[in-house]
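Data block below; observations after.
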Amino acid sequence: MFYNQNYTIMKKNLVYFVAIIVAVVISIVVTRFDSTNLNIAGGGLSLKKLNGDTTVTSTVAFAEVNTTTNKENLAQVTSITNWERQRVGGYFYGFDIIGTASTEFGIMCPTYDARLGVDFEGFRLEGKVGCFTRNSVKSSGFDPQFANYTIAALGEPASVANCVQISYIAKNTRIMLGHQGGSKFYSFKDGNYYISMEQHIKNLAVSGGIDFTETTSGYASVKYSAKNDVITLSCNKLGCENENYLLSYNHNNISLGKGVDMSVGSALWLQKELQGLRVVSGIGKGSFKLFAEAGGLIQSKSFTPVLGLGMSYKL
């Protein structure tokens, strides 16, 4: 029995490892030989062509309220700031901060990191430390309560804490190797190593990673975007008892005239002991958006309907 369990674990870990290595190899090959047919997905700025140092800053904030029949009312404000200084000769450094004040989580800063690297002709090498997310291929367009759930419970962003990461970043490829989860970001005595990748090819984006722990786990995501339609499949915490799957669809920018747009979306998620379905529609103009949702939860063969209303405003 013990031998069979070890063999099963080793076989599963080997499958994960081979899959990510194959994906990385394909990413590099595609980047080198077919870059003219690919979409840009971060990085790739040639600083040799700049006449002087350049600073790039972006800040955006959202205020959101939401209420559903199965949770308490939610109100939160979220601010996202990215800052980078690009130096002549190819060097760059910067930081990223996401802060939130929420009735669900209180005042917190789930993302903060500092990064330093060098920009070559067509790709970057970057070192980063802090607490941040590895996966940008995830579902979007739903109410803030459900977005919090996909982040905290489902683990869609593949967040890491006390992390040191080295990245290869090309126009359409990102390959990451790091260590996270230790008592201190500069200590490698505890925590675990991981490898992750992300690849964008035209309308398709794929991402995946492996955490090398005692029970090796991983995540994988695929997103297809075509005009106003977005389909996302996320598989998170693979190899763990609480692994889960999330399939979502969004149709955006449905014009209703006079600058008013409508969006509709649906999501289906599966966990070991909980399954759910959500349908949401929203109407917005400019920075303001109203939305309504309906769905249900299945737990222990019991179905609980869910209804909700909410509002979002881009500050």
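General observations
- Shape of the stretch 95-227, Cα gyration tensor, a/c cut at 1.5: rounded
- Residue pairs exceeding 25 angstrom between C-alpha atoms, taken from Lys171/Lys285; Lys138/Lys272; Lys189/Lys237: Lys171/Lys285.
- Area accessible to solvent at Tyr193, 1.4 Å probe radius, in Å²: 120 Å²
- Straight-line reach from Lys71: taking Cα to Cα under 18 Å and skipping same-chain neighbours fewer than 8 places apart, the aspartates and glutamates in range are Glu104, Asp143, Glu293.
- Counting only aspartates and glutamates at least 8 places from Lys223 when in the same chain, those with an alpha carbon closer than 16 Å to its own are Glu156, Glu198.
The values are calculated or read from the model by the stated rules, or taken from the named source; none is laboratory data. On a predicted model such as this, the values are computed, not experimentally measured, just so you know. SASA here: full protein model, heavy atoms, side chains in, ligands and nucleic acids out. Shrake-Rupley method; radii C 1.70, N 1.55, O 1.52, S 1.80 Å.
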